[in-house]
Amino acid sequence: MSALPSRLRRTSALAASLVAVLAITGCHHKKSGVNPASLGPTAATAPAPTATITADPLAIDQGQSVVLNWRTENANSVTIDGIGTVPANGTQTVTPSSSTNFHLTATGDGGSTEANVRVTVRVPVAPTAPGPNESDMGSEAEFHQHVADIFFDYDSYDLRPDAKTSIAQAAAYLNAHPAIKVVIGGYCDDRGSAEYNLALGENRANSARTALVDAGVPASRLRVVSYGKEKQFCTEETEECWQQNRRAQFSLDR
């Protein structure tokens, strides 16, 4: 009977050992996944190309030349519209016949990019043939026939009715002969101070000028000067003589 307990003890010991092994095995952690970094370096992304293009000068007259200057990086192929394939970096002299936008495209492993520069070409405008009377200055006699002096009352620079009629006739002639420029001289009789008459003469000349401008004659064609009482058309001390000296005189401004 003693043999049976001995076998039971060996069986129990074996079972306990098996449970211990299973317990130890169950405590182990599962292995983690593979670290991608352990597989070695991946292929690097190619850098994107860059490009610039300039022109010197940016504006030229027709027939002149301009120097293009371009720089690129990370580009395998570089083209410029109107020129074709060019080196990655370079310069080229061109003579555009009209305003042109120079468009550059740079392509590389990392993609493509563009750059632009505009050159303005100034095209001369052909002069137009002068219209009728545009270059006709006319003769001195014809001028004075149509552009007559006007006269003023004593101590006044207001236009009288007869002066307004003369101004209308003068404006019609001057507008028909746009090449003519006029100097308007203001005059006074010899009464009063020199300073006062210089101012009065200027006012009379400006009155005539304003009336011509109002009638359509460009102000740029009219120049004013005052002679006051320094230049006299008549030297007698009579009203008829004084009247001759109170005037605005029109002359060709050559």
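At a glance:
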item	result
Residue in region 110-125 that is surrounded by the most Cβ atoms within 10 Å (Cβ to Cβ), counting only those that are in contact (Cβ under 8 Å) with a residue 60 or more places away in the chain and outside any strand (DSSP E or B)	110
So residue 89, is it touching a residue at least 24 places away in the same chain (Cβ under 8 Å), over 24 Å from residue 122 (Cα atoms) and over 27 Å from the mean Cα position of the chain (by Cα)	no
Filtered residues of region 86-98 (kept if touching a Ser or Thr at 6+ places or on another chain (Cβ under 6 Å) and surrounded by 14 or more Cβ atoms within 10 Å (Cβ to Cβ))	88
Number of positions in region 55-78 that are surrounded by 15 or more Cβ atoms within 10 Å (Cβ to Cβ) and not charged (D, E, K, R)	9
Residue in region 18-38 that is under 30 Å from residue 83 (Cβ atoms), assigned to a loop (DSSP other than H, G, I, E, B), modelled with pLDDT of 60 or more and not acidic (Asp, Glu) present	no
Members of region 221-234 found to be in contact (Cβ under 8 Å) with a residue 24 or more places away in the chain and not β-branched (Val, Ile, Thr), listed by number	221, 222, 223, 226, 227, 228, 229, 230, 231, 232, 233
Filter pass, residue 73 being of a type in the set (D, E, K, R), closer than 24 Å to residue 46 by Cα and in contact with a His (Cβ under 9 Å, 6 or more places away or on another chain)	no
Residues located in region 52-65, provided they are in a loop (DSSP other than H, G, I, E, B) and within 20 Å of the chain's Cα centre (by Cα)	57, 58, 62
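The values are calculated or read from the model by the stated rules, or taken from the named source; none is laboratory data. Since the structure is predicted, the reported quantities are computational estimates derived from the model, not experimental observations. Positions of Cβ are generated from backbone atoms using ideal geometry, with glycine treated the same way; all protein chains shown enter the neighbour counts.
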